[in-house]
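Remarks on the structure that follows.
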């Protein structure tokens, strides 16, 4: 499984990148606003992220019609070669994805909640599809079960002829709220998990590791002082 960091915070990206732990970044104007960003500076901020990360950087469109999404997608794609355009899974989004894919621009179809949506995204030429795990949990449904259904359905077919440069679609476990979500997604073979920085840290930490290190250091102090 690959890890994408879900953030607009450059400090978080730099820190996670220093671990050798992340393969890409997903972000959007809402995440940028949370760190005090302005919409008119969003594209230049995406460029700064792309300068930090060699892998895919998903930047989201805000238009609701296919023409608006295509126009914004074309603008975002000029920022850097590793930009992936995030497009919502809806009729206008599917139409825009087909246009963008035909122009060689990779698309991450976001806000996906069902197997039919994911299959249609793949047929439209999306490079990635992002089922939202945590949003299901918010309404007391099993987001991991929905994610597993999408991953299984997409694995049944070859979509390489639909996308850009013969690349087949990859599944991104999105709206991940816990290390357990990551574990379950990995066990079912999901390609990517996109996680906030706090969740990524929790994936590294474990109480037995912490306790074991504390015991080791205590024993080492005894040896040094013997």
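Every number in this text was worked out from the coordinates using simple rules, so none of it is lab data. Treat the numbers as computed from the prediction; the structure is a model and nothing was measured. With ideal geometry, Cβ positions are generated from the backbone for all residues, glycine too; neighbour counts draw on all protein chains shown.
What number does the chain give for Rg over Rh if you use C-alpha atoms and the Kirkwood radius?
1.05
Computed from the mean reciprocal separation of all distinct C-alpha pairs, what Kirkwood hydrodynamic radius does region 1-102 have, in Å?
About 13.9 Å, per the Kirkwood formula over Cα pairs.
Compute the FRET efficiency between residue 139 and residue 215 as 1/(1 + (r/R0)^6), taking r as their Cβ-Cβ distance and R0 = 30 Å, and round to the nearest 0.05.
On the way: r = 43 Å, r/R0 = 1.43.
Here the calculated transfer efficiency is 0.10.
Given 0.36 nm per residue, what is the gain on full extension from residue 90 to residue 33 after removing their alpha carbon distance, in nm?
Here the segment from residue 90 to residue 33 would lengthen by 18.1 nm.
Find the relative contact order for the chain and round it to a whole percent, using C-alpha pairs within less than 8 Å whose residues are 6+ positions apart.
17 percent
Given the -39500 (n - 2.57) contribution per DSSP H run of 4+ residues, what per-residue ellipticity at 222 nm results for the chain, rounded to the nearest 500 deg cm²/dmol? Walk me through the numbers before you get to the answer.
Details: 11 runs with 115 residues, N = 226.
When only DSSP H runs of four or more count, the value is -15000 deg cm²/dmol.
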